[in-house]
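Remarks on the structure that follows.
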Amino acid sequence: MTHSTVIIGFGFIGKAHYDCLTRLGIPVTGIVDQPTEQLEAFVAARGLRLYSDWQEAISDPDVQVIHNCTPNALHQVINSAAIEAGKHIFSEKPLGIDAQETAQQWRLAQRSAVKHAVNFTYRGYPLVHELRALIQQGTLGDIRFIKGHYLQDWLLFPTDYSWRLHANREETRAVADIGSHLVDLARFVTGLNPRSVYASFETVYEERYLPAGQVKAFEVSEASSETYPVFTEDQASLLIDFGTAKANFEVSQVAAGHKNDLFIEVFGTRGSARWHQERPEELQLGFRDQPNQTIVKSNLLAPTAQPFMHYPAGHPEGYPDAMSNVIRTFHESLSGGASPFATFEDGHIAAQVIEAAVQSQQSKAAVELSESAVAS
Ligand code: SOE
């Protein structure tokens, strides 16, 4: 059974959701965004409704599912209203701008019958599920160390522009935008939960240049000579205590040459495993007492990984496929499907790590997470 779905926010990520939903045959019935000529033509050509605001979409009785693709500061208010209106909600990450916002949403979600998800896209790759299965089977032994990075260079120059750069002092940027993925990925594959965080942030450019004209996501735009202040971090180092395993993570949006370089390596007492988002169909295993191996996507993957591949071995699948896998597992759950996707609880735990990182940066000491993050 499919559920009629509205996308709120139709920028880069909203359009990506639209593509995934369309591919999955899930009926998108409407969109909420500023009514430009281009958007009006887009909805008219597809017979979609263009809502004047998000409140109108959420109060529409014909809508069953909301995809919230708005900027971070709007996640809480829209997600909460959707839950209160009894709509299933698939939210972009981070779930909120701080752990208070995410705790409130997680509490609301627990009291409601609606399904809730946060778009931690990297859970949607078959080799990530393979890594999780190998760890669960004990192939790597006891997990003792996790090393990871998420490095990008799209904000390397002070003339590079994104709405994310206007985040206020209370928000984080690189850590919330991409560090949150790394934290979620580590939790997902190892099953371990973060306990404390030691962090060091750096803002390379405290002042940047406004763009001269309209900006398109991920396109280099011309800069004006007008400057604006930047309050959030361009890069960060995080030491996270996952209880029986320690983790060392690097996060940067100004790392020259790195595009969407998400990497994780998990070290156990019997072996290690490495996965690299830009080579998503390979998983490298390392051993001391047998030859190292590279596992590639094929129908020999674990049964839990196979539903995440849709083409035969040697036919590469990537980011849009992973995102559509995550969206698919969420929509399947509306009819009883049980494949794991990130829920508001996972979004809240990621937010607690981010908040602890901010506090650690300020206090220059490790910060413990509250009990609720380590309980599950
Ligand atoms: C930009 O940094 C971005 O699109 C993130 O917002 C996404 O979450 C990540 O998957 C790719 O990079």
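The values are calculated or read from the model by the stated rules, or taken from the named source; none is laboratory data. Given the structure is predicted, the values throughout are model-derived calculations rather than measurements. Cβ sites come from the backbone with ideal geometry, for glycine too, and all protein chains shown count toward neighbours. Ligands, DNA and RNA are excluded from the accessible area calculation, which covers all protein heavy atoms including side chains. Shrake-Rupley method; radii C 1.70, N 1.55, O 1.52, S 1.80 Å.
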The range 16-58, residues that are out of contact with any strand residue (DSSP E or B) (no Cβ under 7 Å at 6 or more places or on another chain), among the acidic types (Asp, Glu) and farther than 15 Å from Val6 by Cα: Glu37
Cβ-Cβ under 9 Å pairs, at least 6 apart or on other chains, the range 164-181 side more than 14 Å from the ligand (Cβ to nearest atom), far side in a helix (DSSP H, G or I): Asn168/Ala73; Glu170/Val358
Residue within the range 303-326 that is modelled with pLDDT of 95 or more, touching an Asp or Glu at 6+ places or on another chain (Cβ under 9 Å) and among the β-branched types (Val, Ile, Thr) present: yes
Condition met for Asn79 (open to solvent by less than 40 Å² (accessible area, probe 1.4 Å), under 20 Å from Asp346 (Cβ atoms) and within 16 Å of the ligand (Cβ to nearest atom)): no
When residues of the range 61-73 are limited to those that are in contact (Cβ under 8 Å) with a residue 24 or more places away in the chain and surrounded by fewer than 17 Cβ atoms within 10 Å (Cβ to Cβ), the one farthest from Thr121 (Cα to Cα): Asp62
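Just name the residue that is farthest from Val358 (Cα to Cα) out of those in the range 230-256 that are in a loop (DSSP other than H, G, I, E, B) and away from the ligand (no atom under 16 Å from the Cβ). Quick ask: steps written out before the conclusion?
Here is the first cut: in the range 230-256, the ones in a loop (DSSP other than H, G, I, E, B) are 230-234, 242-245, 253-256.
Imposing the further condition that a residue be away from the ligand (no atom under 16 Å from the Cβ) reduces the set to 231, 242-245.
Details: Phe231: 12, Phe242: 18, Gly243: 20, Thr244: 23, Ala245: 22 Å.
Step by step, filter the range 230-256, then rank; the result is Thr244.
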Residue list for the range 140-160, restricted to those being more than 13 Å from the ligand (Cβ to nearest atom) and of a type in the set (Phe, Trp, Tyr): Phe145, Phe157
Some residue of the range 267-279 being within 18 Å of Ile146 (Cα to Cα), without any contact (Cβ under 8 Å) to a residue 24 or more places away in the chain and open to solvent by 10 Å² or more (accessible area, probe 1.4 Å): yes
Residue pairs meeting the criteria (Cβ under 6 Å; at least 6 apart or on separate chains; first within 17 Å of Leu156 (Cβ to Cβ) and open to solvent by 30 Å² or more (accessible area, probe 1.4 Å), in the range 213-240; second away from the ligand (no atom under 14 Å from the Cβ) and outside any strand (DSSP E or B)): Val215/Ser221; Glu222/Ala212; Ala223/Thr159
When residues of the range 316-332 are limited to those that are more than 12 Å from the ligand (Cβ to nearest atom) and open to solvent by less than 10 Å² (accessible area, probe 1.4 Å), the one farthest from Thr5 (Cα to Cα): Asn325
